[in-house]
Amino acid sequence: MRNSLVQFLLARCLRPLLAATLLLVLPATAATNAPTSAEKNANSAEMSCPALLNHSFPRLHDEKPQSLCEWKGKVLLVVNTASYCGFTKQYDGLEKLYARLRDRGLVVVGFPTNDFGEQEPGSNKEIAEFCRLTYGIEFPMFAKTTVKGKSINPFYAELIRLSDTSPKWNFYKYLIDRSGKEVIAYSSFTDPDDKKLLAKVEEFLARKP
């Protein structure tokens, strides 16, 4: 009889304490499992990034990964470059174009490649130094890559598919609109100050992101 009474009293005393403990623990657990603001922002950015730009590549100067999604809503002029080519002098025009229109939303993006005539044989460090010292390049450039064949990087594969045009030589150009859906290809012979190219750049810049 005494044992039953003790068990009854313990149950009456412990039940409210247990309930209070659960009320404290459950919200904390829910908060722990809830996504952080940074995670929400990252997920939102990834969802709003156009499929074409949803790629990351190592940067030229430090080889750290860089996402193309950083430039969503911008107009991109993508160029496969080389240091020892007859078109290498176009670096100067590309940098001037970038400096003039970057504040309005144009981003020139360089992808060095040794695919054409083996005219980019150097290391990433050597290429970066050449671009900086010879042409003062400040527009974004990625590490040396492949833009044709079986080892083509996936971004270039998409550029080719959307424009229906493969790069034929160094300094081939792809102009991408703000939506990341329209891509126009320009040959190596198209200089950065070409009137038709500039007119299309202006058209793309005039469109709302």
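Collect the residues in region 80-110 that are closer than 20 Å to S123 by Cα and touching a helix residue (DSSP H, G or I) at 6+ places or on another chain (Cβ under 6 Å), keeping them in residue-number order. Hits for region 80-110 are S83, Y91. Residue selection: L159 fails the criterion of being over 12 Å from V78 (Cα atoms), hydrophobic (A, V, I, L, M, F, W, C) and modelled with pLDDT of 95 or more.
Here K196 clears all of (1) in a helix (DSSP H, G or I); (2) closer than 22 Å to A82 by Cα except the condition numbered (2). Among the residues making up region 51-86, those that are touching a Pro at 6+ places or on another chain (Cβ under 7 Å) and of a type in the set (K, R) are K64, K72. Of all residues in region 75-97, those satisfying the criterion of being among the aromatic types (F, W, Y) and either surrounded by fewer than 20 Cβ atoms within 10 Å (Cβ to Cβ) or touching a residue at least 60 places away in the same chain (Cβ under 8 Å) (or both) are Y84, F87.
Conditions tested, residue by residue: (1) under 17 Å from P192 (Cα atoms); (2) in contact (Cβ under 8 Å) with a residue 12 or more places away in the chain; (3) among the hydrophobic types (A, V, I, L, M, F, W, C).
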| position | (1), (2), (3) |
| --- | --- |
| T113 | no, yes, no |
| E129 | no, no, no |
| F142 | no, yes, yes |
| T146 | no, yes, no |
| G149 | no, yes, no |
| P154 | no, yes, no |
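The values are calculated or read from the model by the stated rules, or taken from the named source; none is laboratory data. Bear in mind the structure is a predicted one, so any value in this text is a computation, not a measurement. Counting neighbours? That spans all protein chains shown, and the Cβs are built from the backbone with ideal geometry, glycine included.
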